[in-house]
Amino acid sequence: MSKRMDRHKNGENDLFSREAYRRSKLVKQLDEQEDNYLDTDWSDTDDLIDIANEYDTPEAYEEYANHYYEHKQPSRMHVKRKQRRAIYHNTNKDTIDPEDHTDSFDSELEVVESSQVTKSPKQKKTKKKKKHRILKFILLLLVLIIGYCASGFYLGQKDAKSEASTLKSQTFNGVTSEDGSKNILLIGNDSRDGENARADTIMILSFAGKSKTPKLISIMRDSYVDIPGYNSTKINAAYAYGGAELLRKTIKENLGIDTKYYVTVDFQSFEKVVNALFPDGVAINAEKSLDLDGIQIEKGQQVMNGLKLLQYARFRHDEEGDFGRIRRQQQVMTAIFSQLKSPMALLRLPYAAGKALGYTANDIPISYYAKIGFSLVKGASSLQRLSVPVDSTWEFGTTADGESVIYFDNDIETKAISKFLAQ
């Protein structure tokens, strides 16, 4: 201790002390450049001078600096220490030139400020391993989700097909629309024991347009149209004459809509589909009280099972006739889509969807289900709807056979549909 004090008194280490202090200032500047990564107080310059004077070698000063940062700044990254070591080890009191050490110091500062810190191989390896672990976890999660969905869908279809069903697959030469959309023709009918009945419900589900949200077009079954190969009559007769394929051609010829896939469901299957998807029922606000086939429904908010929901959608024995029924059918579809977003429904969805589709006749490939599934769930609460003919473009009439029908202008309806799908 006395020897060190003698050296200070003799001024032998004055130059090194000044240089050490300069380098402590450099450390401070480096700290301040890291976008406030540290909140270190370097304002007490007297303490820094004392620290610099207390150690007479760069190694000793570095030992103190390391200890300071390890204890006072435990979150300090070792990258800064490497910079400090590089600066300190370049300082040697035996080689300091009083004339040029300031320029040397300034150049070192420029080099350190402009250089990019290079990570050690160990750091790179650790970071790479971390990325690999994250990727493995994501891949494993995707595999589990896909496996869960695929197995649930398969089991649902298997269970549904094991039950008796009157629905059979049909010939359907679907066509993709000019804009690339693949519209789905939804057909509801009251076929019983193999009876070839007229279509009770005709809808088209589309994901066309800029928004890519689901759009539902309902076609009134009493619409008077030209049926290819037959006389002009109600559009629902096309299904009785030639099944889903003739109905597809009729829609294309009269309304200009292409459909790629079809789904046919009868009354019994609709009830099973709803119960499979929503065992606890579907929440809906009934617009009026009604009674159909002994099923009574009161006006107001309630939860309906598959049978009640079917009767609510079928009812047409009032002053509104088919117009009121179309509106209620769209309300039912909106309620079903909206409830698909609930967490429990999403968990049941793979099995329930497989079971639901097992109750129907359809030609939709599984790959397309996977493609539209996310869009369907995402846009469930914002389902857009259109009734055809549109308001104020039609009139009631009576055919030569005495049938009550709805007349409309094909061109007006085609333009209205094109505008709706483009949204």
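The values are calculated or read from the model by the stated rules, or taken from the named source; none is laboratory data. The structure presented is a predicted model; accordingly, all values stated were derived computationally and were not measured. Please note: Cβ atoms are built from the backbone with ideal geometry, for glycine as well, and neighbour counts cover all protein chains shown.
Couple of notes before you dig in:
- Any hit, the range 404-417, residues being under 27 Å from ILE145 (Cα atoms) and outside any strand (DSSP E or B): no
- Test: residue in the range 206-216 that is over 20 Å from ALA422 (Cα atoms), buried (at least 19 other Cβ atoms within 10 Å of the Cβ) and in the same structural domain as ARG328 (by TED's automatic domain parsing): no
- Remark: GLY281 matches the filter, which requires a residue to be small (Gly, Ala, Ser), surrounded by fewer than 21 Cβ atoms within 10 Å (Cβ to Cβ) and within 26 Å of the chain's Cα centre (by Cα).
One line per residue, one yes/no per condition, for (1) touching a residue at least 40 places away in the same chain (Cβ under 8 Å); (2) over 20 Å from ILE364 (Cβ atoms); (3) of a type in the set (S, T, N, Q):
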residue: ASN231; (1), (2), (3): no, yes, yes
residue: ALA237; (1), (2), (3): no, yes, no
residue: ALA240; (1), (2), (3): yes, yes, no
residue: GLU245; (1), (2), (3): yes, no, no
residue: LYS249; (1), (2), (3): no, no, no
residue: GLU253; (1), (2), (3): no, yes, no
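- Condition check for LEU290: touching a Ser or Thr at 6+ places or on another chain (Cβ under 8 Å), touching a residue at least 12 places away in the same chain (Cβ under 8 Å) and not aromatic (Phe, Trp, Tyr): no
- Residue within the range 402-409 that is under 25 Å from the mean Cα position of the chain (by Cα), crowded, with 17+ Cβ neighbours inside 10 Å and at pLDDT 80 or above present: no
- Residue match in the range 302-321 (condition: touching a residue at least 60 places away in the same chain (Cβ under 8 Å), surrounded by fewer than 20 Cβ atoms within 10 Å (Cβ to Cβ), among the charged types (D, E, K, R) and at negative phi): no
- On the stretch given as the range 287-314, residues that are assigned to a strand (DSSP E or B), farther than 16 Å from VAL274 by Cβ and among the polar types (S, T, N, Q) total 2.
- Residue in the range 298-305 that is hydrophobic (A, V, I, L, M, F, W, C) and under 27 Å from ASP159 (Cβ atoms) present: yes
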